[in-house]
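Read the structure below first, then the notes.
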Amino acid sequence: MGCRVTKSNKQQRMERERGPLCFSAAMRAALLIQRWYRQYVARLEMRRRCSWNIFQSIEYSGEQDHIKLYNFFGCLMDHFTPASSQKKLISHIFHESDAFQEMELERYFSSKNIEVPDVYSGPHLTFPLTISNVTVLVEAFKNKQKLHAHYVLRLLEKTLMLLRFLPNINHVSTCKYKEITICGDLHGHLEDLLLIFYKNGFPSAETPYVFNGDFVDRGKESIEILLVLFAFQLLYPHDVHLNRGNHEDHIVNLRYGFTKEVLGKYRVHGKQILRLLQKIFSWLPLVTVIDHKVLILHGGISDKTDLNLIAKLDRQRFVSAFRPMRGEASVRQEEAERDDGGDGRRRVQSLSYGTAVRLRPDLPRHSLHSASRREVGSVEEELSERRRLAGLSLTSEQGSAKVLQTDAWKQIVDVLWSDPMAQNGCVPNEVRGGGCYWGPDITQKVLDRHKLQLLIRSHECKQEGYEFCHNRRVLTIFSASNYYDVGSNRGAYIHLGPDHIPHFKPFQASQTTRELTLRQSVGRTERSALQALRMLLFTHKSELMREFHQHDLQHTGLISLRNWVVAMETVLHLSLPWRVLRSQLVSSTQDGMLNYDDWFNQLSITQLNAKIPNTSLLEILYKHHSNLETIFRMIDTDHSGLISFEEFHQTWKLLSSHLQTNISDKAISELAESIDFNKDGSIDINEFMEAFRLVEQSRAERKPSDKH
């Protein structure tokens with residue numbers, strides 16, 4: 001028995017001695033695992049942010065390009081002769097045929113003459129709307145059904161009547177509500193809206209909502225979102241509030257998909273629907289204020305923002321932020337703006353700066369038919385001069401009415417297009433090309449002046465769906481999840497109660513994304529972002545090759561990776577971390593040198609949906625396909641989707657003038673004939689754009705790092 005006691009004591013003594021050592025080893029192992037995991041997550045986060053920067057830089061570059069194109073049209077309208085056929089083709093976007101009398105407009109938009117056939121199986125609406133009508137409508141859209149054009153126009157007619165009675169600034173009180181729900185951009189993502197309703201409840205007298213603009217474009221179900229929101233607003237006009245966004249603009253819609261969506265879904269009555277929506281967009285309120293404490297608007301503010309002036313605007317006269325006045329008033333406005341010398345030139349305005357600028361009196365007028373490269377260059381010089389001069393104040397001789405009109409337009413542009421920045425001050429938003437960047441000092445100045453506590457805005461996609469800045473006095477909310485690609489971002493909405501403290505409700509609409517691990521989600525987003533970037537690199541091949549040759553003075557076909565980084569930013573101006581991206585975009589080097597011809601061949605991009613007679617047009621086609629489609633849709637005034645050979649020719653002339661690129665008449669004619677498949681002398685816009693869409697080659701070999 002004594003032996004057993006002695007053995008037990010030894011074991012106890014050994015365990016006591018070994019215990020601290022085992023515990024210490026376990027702690028070290030746990031710390032190593034924790035450190036490894038943190039580094040792993042940090043690397044994933046870096047990759048996610050890098051992908052995010054790629055998506056956002058490409059998006060803002062496109063917006064800037066669209067504004068530059070429209071500025072070119074503005075300059076064209078001022079400097080080329082009235083006889084110019086190109087000028088006639090685009091004049092309707094400046095002087096709409098909207099100069100109808102109100103009664104004529106009502107007859108044009110009327111739904112009374114549109115019959116609903118017996119075979120129609122979609123939802124039927126009765127007016128005034130009932131909650132049953134609206135829930136049936138939501139369920140129909142959830143099941144991918146389409147509302148008949150008769151009901152669409154009827155719903156839009158009623159919406160326009162309601163909006164005309166609403167002020168520019170809606171004032172909402174939390175007194176009778178427990179909380180108010182605030183949603184940001186939806187961008188045609190109906191799935192996100194339905195998920196918000198599922199989680200938060202339908203809008204009602206007990207569940208009020210503020211939707212902060214950008215309902216349309218980019219997504220595929222923009223018209224459905226509008227119809228649902230308008231229906232709930234008609235049902236609960238005091239509890240559902242819609243602010244206008246920068247995409248509630250028919251000129252923006254030409255580029256970003258909403259025009260194409262409506263015409264695709266409503267081929268017969270699409271034109272009527274679009275024109276009525278154009279009026280509705282101009283009547284959407286600009287601002288919502290909660291309890292005189294919380295300011296809600298789509299884009300932002302500037303050092304000139306004045307809510308008292310915004311409250312007094314005739315907002316419906318500003319149909320588009322791309323021009324100061326709407327059609328009917330434009331003729332009288334143009335007369336008022338003519339120079340005292342009688343030279344007949346209008347003063348034009350820059351979207352970035354929003355102040356009137358007198359054009360140089362010595363600039364000659366030309367027709368595009370005879371425009372040489374030097375003459376086109378003078379147009380670009382004029383645009384540069386306008387940008388340089390923008391920001392100058394109007395003289396007192398130009399009249400207080402003109403000053404008021406200019407200030408009013410500037411107020412709207414800033415509300416719809418601006419973004420916050422970390423630095424103090426207020427500068428033009430050169431990244432988007434419109435509005436301004438404003439700093440925390442401007443936030444404090446504007447909010448304090450109007451005795452406000454918080455500014456809630458949207459306009460920018462955020463990875464978690466929301467983000468604070470400016471000492472938590474500015475809050476961005478974005479409600480379109482998976483905006484750039486599946487897994488790229490969450491959406492979110494806000495609950496705001498009487499204490500004015502926002503409570504965030506993030507969500508992810510895609511079931512696929514919710515099932516992905518963090519590594520899988522980041523990998524998928526990264527691959528999509530890199531492919532978008534490769535597409536962009538391919539479309540800038542000529543400029544990149546010229547830049548590479550500048551660094552390859554010996555014509556070896558090789559450049560250093562350092563010079564590759566310099567060339568990327570010099571040509572693309574995307575402010576991306578090219579050194580970080582280098583390992584993803586450059587697969588092989590020779591002693592630290594890149595063979596740039598081989599590199600372009602490895603980008604995995606090809607054109608192959610159609611054959612073009614002139615292969616030199618390939619790069620131009622894809623690089624400027626958005627501009628080209630925008631011009632097509634501007635010229636297609638009857639929204640038929642067809643343009644004649646002559647219009648096609650003029651379209652290319654406009655594009656080549658804008659790009660300062662010579663495209664021969666022969667090349668344009670051969671291109672037109674090759675894509676007139678049925679030989680009827682007209683070209684289908686949608687078929688044309690699809691025919692020359694670039695696609696990705698499937699790689700036979702992928703790097704192991706690309707497989708996630």
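The values are calculated or read from the model by the stated rules, or taken from the named source; none is laboratory data. Quick caveat, the model's predicted, so the values are computed rather than measured. Because the Cβ atoms are built from the backbone with ideal geometry, glycine has one as well, and the counts that use them run over all protein chains shown. When the accessible area is computed, the model is the full protein with side chains, heavy atoms only, and any ligands, DNA or RNA have been set aside. Shrake-Rupley method; radii C 1.70, N 1.55, O 1.52, S 1.80 Å.
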Quiz prompt | Equivalent-ellipsoid semi-axes of segment 528-575, from the Cα gyration tensor, Å, largest first | solution = 20, 11, 10
Exercise. Treat each spin label as a single point 7 Å out from the Cα along the C-beta direction, and report the GLN550 to CYS469 distance in nm.
Key: 3.0 nm
Exercise. Set the Förster radius R0 to 56 Å, insert the Cβ-Cβ distance between ASP291 and MET593 as r into 1/(1 + (r/R0)^6), and round the FRET efficiency to 0.05.
Key: 0.30
Quiz item: Where the convex hull is taken over the Cα atoms of segment 169-280, what is its projected area averaged over directions, in nm²?
Solution: 7.0 nm²
Quiz prompt | Virtual spin-label span in nm between LYS68 and ARG38, 7 Å along Cα→Cβ | solution = 4.5 nm
Quiz item: Can you run phi through the Karplus equation (6.51, -1.76, 1.60; θ = phi - 60°) for segment 227-240 and list ³J(HN,Hα) in whole Hz, with x for Gly and Pro?
Solution: 5, 5, 5, 5, 5, 5, 5, 5, 6, 10, x, 9, 10, 10
Exercise. Please list, in chain and number order, the residues 5+ apart from CYS436 or on another chain whose amide H is under 5 Å from its amide H, with Hs placed from the backbone.
Key: SER418, ASP419, ASN429
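Semi-axes of the equivalent ellipsoid of segment 215-287: what are they in whole Å, largest first, if each equals the square root of 5 times a C-alpha gyration tensor eigenvalue?
Working through the eigenvalues yields semi-axes of 20, 14, 11 Å.
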Quiz item: Check HIS171: other-chain or 5+ apart residues with amide H under 5 Å from its amide H, H built from backbone geometry?
Solution: VAL289
Self-check item: Which listed pairs, of LYS199/LYS271; LYS199/LYS220; LYS462/LYS653; LYS410/LYS505; LYS293/LYS410; LYS279/LYS410, have C-alpha distances above 29 Å, in listed order
Solution: LYS199/LYS271; LYS462/LYS653; LYS410/LYS505
Self-check item: Amide H partners (placed H, <5 Å) of GLY487, local residues excluded
Solution: ASN482
Exercise. Can you pull a Stokes-Einstein diffusion coefficient for segment 497-597 at 4 °C (1.567 mPa s), Rh from Kirkwood over Cα pairs, as a whole number of µm²/s?
Key: 78 µm²/s
Exercise. Please report, in debye to the nearest 20, how large the charge dipole of segment 218-304 is about its Cα centre when each Lys and Arg carries +1 at its beta carbon and each Asp and Glu carries -1 there.
Key: 460 debye
Practice problem: Pop out the ³J(HN,Hα) list for segment 472-487 in order, Karplus 6.51 cos²θ - 1.76 cosθ + 1.60 with θ = phi - 60°, rounded to Hz; leave Gly and Pro as x. | Solution: 6, 9, 10, 10, 9, 10, 9, 10, 9, 6, 6, 5, 7, 6, 4, x
Practice problem: Just reorder LYS279, LYS176 by solvent-accessible area, largest first, 1.4 Å probe, all chains present. | Solution: LYS176, LYS279
Practice problem: Taking 7 Å along the Cα-to-C-beta vector as the label spot, tell me the ARG28-VAL268 distance in nanometres, rounded to one decimal. | Solution: 8.1 nm
Quiz item: Given a Förster distance of 56 angstrom, what is the FRET efficiency for SER560 paired with THR130, based on the Cβ-Cβ distance and rounded to 0.05?
Solution: 0.20
Quiz item: Given a Förster distance of 51 angstrom, what is the FRET efficiency for MET46 paired with ASP118, based on the Cβ-Cβ distance and rounded to 0.05?
Solution: 0.25
Quiz prompt | Where segment 451-490 is the region considered: accessible area per residue in Å², 1.4 Å probe | solution = 34 Å²
